[in-house]
1. Can you tell me how many residues in segment 81-93 are touching a Pro at 6+ places or on another chain (Cβ under 6 Å) and open to solvent by 30 Å² or more (accessible area, probe 1.4 Å)?
2. So which of R116, R171 is at pLDDT 85 or above, farther than 15 Å from S95 by Cβ and either in a helix (DSSP H, G or I) or of a type outside the set (G, A, S) (or both)?
3. Do the conditions hold for V128, that is, is it assigned to a helix (DSSP H, G or I), over 20 Å from the mean Cα position of the chain (by Cα) and under 22 Å from F255 (Cα atoms)?
4. Of the residues that make up segment 20-31, is at least one closer than 25 Å to F255 by Cβ, open to solvent by less than 10 Å² (accessible area, probe 1.4 Å) and of a type in the set (K, R)?
5. Which residue is nearest to V220 (Cα to Cα), if the candidates are limited to segment 69-80 and must be open to solvent by less than 10 Å² (accessible area, probe 1.4 Å) and under 18 Å from the mean Cα position of the chain (by Cα)?
6. Can you name the condition, by its number, that R294 falls short on among (1) closer than 25 Å to T100 by Cα; (2) surrounded by 14 or more Cβ atoms within 10 Å (Cβ to Cβ); (3) at pLDDT below 70?
7. Kindly check whether there is at least one residue in segment 269-282 that is part of a loop (DSSP other than H, G, I, E, B), over 24 Å from G157 (Cβ atoms), of a type in the set (A, V, I, L, M) and at pLDDT below 75.
8. When the residues of segment 22-68 are narrowed to those that are in contact (Cβ under 8 Å) with a residue 24 or more places away in the chain and basic (K, R), which ends up nearest to G223 (Cα to Cα)?
Amino acid sequence: MSFRDRLLALTVVVLWGCNFLAIRLGLDHFPPFFFAGLRFAIIAVPVLLFVPRPAVPLRWLLLYGAGFGFAQFAFLFWAMEAGLPTGLASLVLQSSAPFTVLLAALFLHERLDGVRLAGLVVAVSGMVIVAVGQGAADASLIPMTLALLAGLSWAVGNIGTRKAGAGDPMRLMLWMCVVPVLPFFGVSWFVEGPQAWSTLGTAVTTADGGLALAGLAYVVLAGTIAGTGIYASLLSRYPAGTVAPLSLMVPVVGFTVAWITLGERPAPSSLIGGVIVIVGALAAQGGHRSVTSRTLLRRHNAPAPVEHSPTWEPAQESPHVDGSHCAQPEPPRGRPRRPDAVRAR
């Protein structure tokens, strides 16, 4: 991965690390499924009006939207509403990285080289240390399971992104936001009731409603359009198993933001685990070059095709370095002998 793309990847890590605080602000006022539908609807309406649909197979667009858009955030918001702490949610969701590596090996036939596999093991080990330091053993089983299902759904969406192979990843990401809108609002209507829509009116008249609107704006602009757009662009140029480990660094930012804004001091073991996660995630990116660079290198080194003429033509005179020309050999003089005359002699 180039230095520029590494900076873009770190930008995604920072944006997504702060995104969990914005989600918590939104969930303090809006019901979870309604909040998720509102988040995607704000993007989907202008996309349907002004952005052409990407030239990708519909099934991969639906898989991307169903996995990354609907299932991931349905399980994540449900887990956080059920009591999973914000920092721990940012950590458990990163189970998408090992899920993505395994699914990419199974369905995309991406090779698991030793460097990337070792880096992934180191990063997951650091996640376990952070989880123990943050009290994951004391968390309820149901919210933890929901967060793990959210990580698996994210991995499924990554496979859809890679299979789509979009030439314009940003347009693919924008149209992904169209897919989960109706499912979220439908689930919200049946689970949360029509009164969920009333929270829109109270959002402009209450203090927690104003914070929820600010969180919604951050989730839409920074977390989705900027963060997910850059992430989709990286996925279009690099193997899924190389890009996915980047998300393992998101909890480090998430815990730091919670420390600064909410006064949640991480345990010393969490700091050690965070360093291990960063080292492992950086090592996991070094296993492969990008698909694009590999393809270009293969095309550059390929021999040029040899064109054959159906009729024989004499070779042209080739110039020397000094500008002179080599004369072509003169054909033999006289009439050619017949084959029977040669055999007779």
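The values are calculated or read from the model by the stated rules, or taken from the named source; none is laboratory data. All figures in this text were calculated on a predicted structure; none of them were measured in a lab. For neighbour counting, all protein chains shown are included, and Cβ atoms are generated from backbone atoms with ideal geometry for every residue, glycine included. These accessible areas exclude ligands, DNA and RNA; they are computed on the full protein's heavy atoms, side chains included. Shrake-Rupley method; radii C 1.70, N 1.55, O 1.52, S 1.80 Å.
1. Of the residues in segment 81-93, 3 are touching a Pro at 6+ places or on another chain (Cβ under 6 Å) and open to solvent by 30 Å² or more (accessible area, probe 1.4 Å).
2. Just a single option satisfies the conditions, and that option is R171.
3. The answer is yes for V128.
4. no
5. Taking the candidates together, the pick is G69.
6. Looking at each condition in turn, R294 falls short on (2).
7. There is no residue in segment 269-282 that is part of a loop (DSSP other than H, G, I, E, B), over 24 Å from G157 (Cβ atoms), of a type in the set (A, V, I, L, M) and at pLDDT below 75.
8. Among them, the one singled out is R39.
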